[in-house]
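Trainee: Have a look at the structure that comes next, please.
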There are 2 protein chains.
Amino acid sequence: MTTEIWISQLQENGYRITSARRAVVDTVYGSTHALTPIEVYDKARKKYRALGLVTVYRTLEKLEELHLIQRVHQPIGCQAFISAGIGHQHLLLCQNCGQVEFFDGDDLDSLTKNISRKTGYQIKEHWLQLFGLCVNCK
Amino acid sequence: MTTEIWISQLQENGYRITSARRAVVDTVYGSTHALTPIEVYDKARKKYRALGLVTVYRTLEKLEELHLIQRVHQPIGCQAFISAGIGHQHLLLCQNCGQVEFFDGDDLDSLTKNISRKTGYQIKEHWLQLFGLCVNCK
DNA sequence: ATATTATTGAAAATCGTTTTCAATAAGTAT
DNA sequence: ATACTTATTGAAAACGATTTTCAATAATAT
Ligand SMILES: [Mn+2]
Ligand SMILES: [Mn+2]
Ligand SMILES: [Zn+2]
Ligand SMILES: [Zn+2]
């Protein structure tokens with residue numbers, strides 16, 4: 001039960017801890033699936049009925065700003081959020097059930113050097129995302 | 001001047017060739033920057049004043065369906081489209097001016113095998129996008 | 001030329017998200 | 001504990017982007 005990490009992060013950044021924020025944090029933290037604002041709203045309202053959708057948007061905004069969650073881009077849409085990994089990581093998504101995993105250890109140095117040489121670009125960042133079928137779904 | 005390739009693709013798929021569609025095709029084909037529907041609208045209306053924004057949406061939809069254009073995902077938004085590359089390619093975007101280039105020859109086989117082994121996922125696809133500064137902007 | 005029907009743009013509707021605002025509750029000082 | 005300050009709240013309204021509706025038009029086949 002380490003949702004307290006997020007709670008104290010919010011606190012340390014001057015944000016107040018409220019029932020609404022706890023409900024959102026409890027919902028998003030530890031989810032194995034990327035969740036849209038509405039999905040967060042529906043799930044979190046089971047814990048705190050009075051929750052408003054507006055507050056979900058506002059809390060997600062703050063969690064993203066503190067790099068505790070990140071946006072997940074998918075062919076079907078780019079509004080979903082997942083708990084952010086630590087350090088430089090990438091996502092692996094199940095095309096069937098939507099489960100999200102992190103992986104690291106990608107070495108794109110020789111690739112980026114190549115592209116840099118060919119194109120003349122100075123490469124600053126990269127986005128890499130893998131799609132497939134998870135253990136349960138394949 | 002090979003916008004005719006797109007025109008005939010539309011034709012072959014049973015779509016009629018209209019002034020509105022020509023204006024959209026002329027605008028998007030060959031653009032070095034990803035364009036949003038509104039940007040397409042503004043540019044295309046210089047060629048065909050009567051054009052409606054609705055038709056831009058509808059034409060982009062068809063071009064995407066025929067894989068002639070593709071959606072570009074960026075930190076600032078995911079509504080822009082660019083001429084699709086041929087075969088398996090990836091994008092390289094200038095963070096300053098928005099210029100888009102394609103590159104191929106990425107070899108992610110050993111990476112995906114590794115991840116596959118570690119996670120148990122059967123990997124089907126990947127998204128790779130590089131960001132940096134183009135020759136003019138760096 | 002005529003007939004058929006896909007396509008059009010304007011307007012209305014819809015959807016997701018943001019802003020406004022008065023009431024409330026969290027944190028702080030007493 | 002109580003009072004005070006002010007960040008946070010949810011409802012409602014506003015907003016912007018996209019989609020749907022619809023009657024008029026224009027592309028294609030005959
Ligand atoms: Mn990486
Ligand atoms: Mn590739
Ligand atoms: Zn799965
Ligand atoms: Zn540039």
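Trainee: Restricting the search to segment B:70-90, which residues are more than 22 Å from B:ILE38 (Cα to Cα) and within 13 Å of another protein chain (Cβ to nearest Cβ)?
Mentor: Within segment B:70-90, B:GLN89, B:HIS90 qualify.
Trainee: In segment A:84-99, what count of residues is obtained for those that are within 26 Å of B:SER110 (Cβ to Cβ) and surrounded by 15 or more Cβ atoms within 10 Å (Cβ to Cβ)?
Mentor: Counting residues in segment A:84-99 that are within 26 Å of B:SER110 (Cβ to Cβ) and surrounded by 15 or more Cβ atoms within 10 Å (Cβ to Cβ) gives 9.
Trainee: Within segment B:123-138, how many residues are surrounded by fewer than 17 Cβ atoms within 10 Å (Cβ to Cβ), at the interface with chain A (Cβ under 7 Å from one of its Cβ atoms), in a loop (DSSP other than H, G, I, E, B) and modelled with pLDDT of 95 or more?
Mentor: Residues flagged as surrounded by fewer than 17 Cβ atoms within 10 Å (Cβ to Cβ), at the interface with chain A (Cβ under 7 Å from one of its Cβ atoms), in a loop (DSSP other than H, G, I, E, B) and modelled with pLDDT of 95 or more within segment B:123-138 amount to 1.
Trainee: Considering each residue of segment A:100-122, count those that are buried (at least 18 other Cβ atoms within 10 Å of the Cβ) and either in a strand (DSSP E or B) or touching a Pro at 6+ places or on another chain (Cβ under 9 Å) (or both), and give that number.
Mentor: Number of matching residues: 3.
Trainee: Test A:PHE81 against the criterion of being surrounded by fewer than 18 Cβ atoms within 10 Å (Cβ to Cβ) and either within 30 Å of B:ASP104 (Cα to Cα) or more than 16 Å from DNA strand D (Cβ to nearest atom) (or both), and give yes or no.
Mentor: When the stated conditions are applied, A:PHE81 does not pass them.
Trainee: Here is a further query. Filter segment A:73-105 down to the residues that are within 16 Å of ligand 1 (Cβ to nearest atom) and of a type in the set (S, T, N, Q) and list them by number.
Mentor: Within segment A:73-105, A:GLN89 is the sole residue that qualifies.
The values are calculated or read from the model by the stated rules, or taken from the named source; none is laboratory data. In this text, all values refer to a predicted model and were calculated from it rather than measured experimentally. A quick note on method: Cβ atoms are made from the backbone with ideal geometry, for glycine too, and the neighbour counts reach across all protein chains shown.
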